[in-house]
Amino acid sequence: MSRHLNERVFVLLALLLSAVALYRSSLTLSFSDVGSAHSPVFFPQIILVLWIGLTVIALGQTLMQSVKAQPIDGVFRLIILVAASIAYTNLLTMYGFFLTSALFTLICLPVFGMRHPAILTGYAIAVPGALVLLFNHVLGMPLPTSPFTHYF
């Protein structure tokens, strides 16, 4: 039994529970079907079904492996990432995509070991900036904008 208690199993179970919860919540919503693809809160049930299926397959493969389980590493790192993710999803609509994504990047990259200030700053500005430029200004598919300016 101890070989099944490893970090990969817990991550896959969290992914599975998240997908099932999202699918369950989308059953009663009218915008989750494919016909409402232009709704800003659209998340197709087809993708959720694929997500659930792939997670079940990966979980089955992991449980069938005979490799001895390694202990869970970095519980504090996991707590920081979960807290940052919850804050990110709650602040995204209030402060816009660019500002919250830049802050999320500045929190998460050091957790994963990237600590060079120039690289952190570059990623925090370039990646969310490129996505805002692409979606808001090129494709015309608006991401949430900041209350401070409509550019980002």
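The values are calculated or read from the model by the stated rules, or taken from the named source; none is laboratory data. Computed from a predicted model, the values in this text were never measured in an experiment. Here Cβ is always computed from backbone atoms with ideal geometry, including for glycine, and neighbour counts include all displayed protein chains. Side chains included, ligands, DNA and RNA excluded: accessible areas come from the protein's heavy atoms. Shrake-Rupley method; radii C 1.70, N 1.55, O 1.52, S 1.80 Å.
The string of couplings for segment 21-26 from the Karplus curve (6.51, -1.76, 1.60, θ = phi - 60°) is 5, 5, 5, 4, 6, 7 Hz, one whole number per residue in order, with x for Gly and Pro.
Residues within the reach of a label modelled at Ala130 (point 7 angstrom out along Cα to beta-carbon, backbone nitrogen below 15 Å), restricted to segment 106-120, are 119-120. Extending 7 Å from Cα along the Cβ direction at Val82 and again at Glu7 yields two label points whose distance is 1.5 nm.
Backbone amide hydrogens, once placed in the peptide plane, bring Leu143 within less than 5 Å of Asn136, excluding anything fewer than 5 places away on its chain.
Element breakdown for segment 75-138 at a 1.4 angstrom probe: carbon and sulfur atoms account for 79% of the accessible area. Each residue of segment 54-60 is assigned a 3J(HN,Hα), and the resulting list reads 5, 5, 5, 4, 5, 5, x Hz, derived from the Karplus form 6.51 cos²θ - 1.76 cosθ + 1.60 (θ = phi - 60°), x at Gly and Pro.
With a Förster radius of 30 Å applied to the beta-carbon distance between Ser18 and His150, the computed FRET efficiency rounds to 0.40. Computed from backbone phi with θ = phi - 60° and the Karplus coefficients 6.51, -1.76 and 1.60, the 3J(HN,Hα) list for segment 99-114 is 5, 5, 5, 5, 5, 4, 5, 5, 8, 7, 4, x, 4, 8, x, 8 Hz; x is used for glycine and proline.
What shape does segment 75-138 take by its C-alpha gyration tensor, where a ≥ b ≥ c are the square roots of the eigenvalues and a/c under 1.5 counts as rounded, a/b above b/c as prolate, and the rest as oblate?
Note, shape of segment 75-138 comes out oblate.
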